[in-house]
Amino acid sequence: MPKECATVVDASPYRSPFEGHALGERPALDGSVGVHISAGLVPQAVLVSTWVSGEAGLQAALAQLLGQAPPGPTGQIQATHLGLLMRTGPEEWLLVGDGAVDPRPALRDAIGADVGGVTDLSHARCRMNLRGTRCLDTLSKLFPLDFRAEAFPVGELRLSGHHHLPCSLHRRGETEFDLYVFTTYAHDQLGSLLDAALEYGVNLEGIR
């Protein structure tokens with residue numbers, strides 16, 4: 001290479017974990033499409049966690065930062081100015097944002113190392129949105145959950161899984177769900193979802 005020349009390489013190439021799945025409709029035998037799916041990386045996902053004896057301190061820090069008490073029982077979700085705060089288990093919350101604002105500086109200022117930890121998981125989480133008249137039939141094939149409205153209300157989260165792979169389901173409407181999965185397994189989990197929906201007619205509308 002001649003002197004004073006340089007080769008610039010993008011060190012952070014983007015490739016969708018869902019790459020390889022074909023977009024478009026696959027109608028049922030009667031021509032109907034009962035399930036619509038889109039999938040992509042989560043723009044912003046930050047795990048906030050602590051140890052057993054630190055939960056009260058972390059709850060207090062979050063309440064001061066957000067201006068409201070964080071969700072209590074596992075499965076509860078709360079809308080905040082930083083994004084959706086999901087109670088994903090004992091001593092932990094997952095904050096999901098749209099990527100417009102980076103919540104990490106504010107979280108790390110509010111949560112010291114003696115209170116808890118703040119971990120960016122944006123690279124490690126994907127989201128699949130599923131909706132349509134037959135989405136409950138599709139999900140019931142994969143997840144051992146009670147999808148009745150009284151057991152799984154709109155606006156709540158359930159931690160489950162299929163084929164030994166974890167998945168968190170956020171019910172956004174009566175027949176609309178966001179499914180959060182690990183990036184490592186996302187491609188195959190979308191494949192399982194498409195297979196389960198095939199008999200009802202499915203449209204993979206987009207991946208990113």
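Structure above, values below:
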{"read-out": "Flag for residue 161 being part of a strand (DSSP E or B) and either touching a strand residue (DSSP E or B) at 6+ places or on another chain (Cβ under 7 Å) or of a type in the set (S, T, N, Q) (or both)", "value": "yes"}
{"read-out": "Residues of region 154-199 that turn out to be among the small types (Gly, Ala, Ser) and either touching a Phe, Trp or Tyr at 6+ places or on another chain (Cβ under 8 Å) or under 22 Å from residue 43 (Cβ atoms) (or both), as a count", "value": "6"}
{"read-out": "Selection status of residue 147, outside the structural domain of residue 76 (by TED's automatic domain parsing) and over 18 Å from the mean Cα position of the chain (by Cα)", "value": "yes"}
{"read-out": "Breaking point among (1) at pLDDT 95 or above; (2) in a loop (DSSP other than H, G, I, E, B); (3) surrounded by 11 or more Cβ atoms within 10 Å (Cβ to Cβ), for residue 99", "value": "(1)"}
{"read-out": "Total residues in region 148-157, condition touching a residue at least 12 places away in the same chain (Cβ under 8 Å) and either assigned to a loop (DSSP other than H, G, I, E, B) or out of contact with any Ser or Thr (no Cβ under 7 Å at 6 or more places or on another chain) (or both)", "value": "6"}
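The values are calculated or read from the model by the stated rules, or taken from the named source; none is laboratory data. Since this is a predicted model, take the numbers as computed values, not measurements. Positions of Cβ are backbone-derived with ideal geometry, glycine not excepted, and every protein chain shown enters the neighbour counts.
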